[in-house]
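The values are calculated or read from the model by the stated rules, or taken from the named source; none is laboratory data. Owing to the predicted nature of the structure, the values given are computational and were not obtained by experimental measurement. Note that each Cβ is placed from the backbone with ideal geometry, even for glycine, and that neighbours are counted across all protein chains shown. What goes into the accessible areas is simple: the full protein's heavy atoms, side chains included, and nothing from ligands, DNA or RNA. Shrake-Rupley method; radii C 1.70, N 1.55, O 1.52, S 1.80 Å.
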Amino acid sequence: MKAKLLLRFASACIIFFAAGHTLGHFTRKKSPEPQIQEVFKQMETVQVPLGGQLRTYDEFYNGMSLNLSITLVAFAFLLWFISSASTHAPKTSYILLWPILFCIVGFAVTGFIYFFLVPAITCVVASILILMAINSLHQLK
């Protein structure tokens, strides 16, 4: 399979992850469980000093969660753009894919350790597709 198609499939995997993560982010507080609501209440009220400002744990969670959504969308675009460049600039595409692969593999590992199977497996599939594209591009260099 050509690197271009592999990278487009990987991009689609990352968009799927981004969509699921973003949906989860904006619906996370809709639980009817009183214990979960109490945790959210505590996260919204307990403040910690950071860089001369007071921030709540909920603000930390919101910021990092939104950062992940933004990062995932950026990676999806990068993978799509690199897929287009892979036909006329295989060496550059090859080089650019390594740090992206490193990050997506990292997301897979943390997904298995700290989260749940869907994002972890999505990242594993995307990583395999990127690795296959890297292999394909390596043969063209």
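Out of (1) out of contact with any Leu (no Cβ under 9 Å at 6 or more places or on another chain); (2) closer than 17 Å to MET1 by Cα, what's the single condition that is false for TYR94? Every listed condition holds for TYR94 apart from (1). Can we say PHE40 is in contact with a helix residue (DSSP H, G or I) (Cβ under 8 Å, 6 or more places away or on another chain), over 23 Å from LEU140 (Cβ atoms) and in a helix (DSSP H, G or I)? In short, yes. Taken over segment 26-43, the criterion of being open to solvent by 90 Å² or more (accessible area, probe 1.4 Å) and under 25 Å from the mean Cα position of the chain (by Cα) is satisfied by PHE26, LYS30.
Working carefully through the options THR122, THR92, THR87, THR71, find the one that is at pLDDT below 95, out of contact with any strand residue (DSSP E or B) (no Cβ under 6 Å at 6 or more places or on another chain), of a type outside the set (A, V, I, L, M) and over 30 Å from GLU38 (Cβ atoms).
Details: THR122 fails: at pLDDT below 95; THR92 fails: at pLDDT below 95; THR71 fails: at pLDDT below 95.
Every option except THR87 fails the conditions.
Those residues that are in a strand (DSSP E or B) and touching a residue at least 12 places away in the same chain (Cβ under 8 Å), I need them from segment 49-78; list them, please. The one that is in a strand (DSSP E or B) and touching a residue at least 12 places away in the same chain (Cβ under 8 Å): THR56. Can you tell me which residue is nearest to PRO119 (Cα to Cα) among those in segment 13-25 that are surrounded by fewer than 17 Cβ atoms within 10 Å (Cβ to Cβ) and of a type in the set (Gly, Ala, Ser)? By that ranking, first place goes to GLY20. Residue pairs whose Cβ atoms lie under 6 Å apart, sitting 6 or more positions apart in sequence or on different chains, and linking a residue in segment 7-19 that is at negative phi to a partner that is of a type in the set (Phe, Trp, Tyr) and modelled with pLDDT of 95 or more, are SER11/TRP80; ILE14/PHE75.
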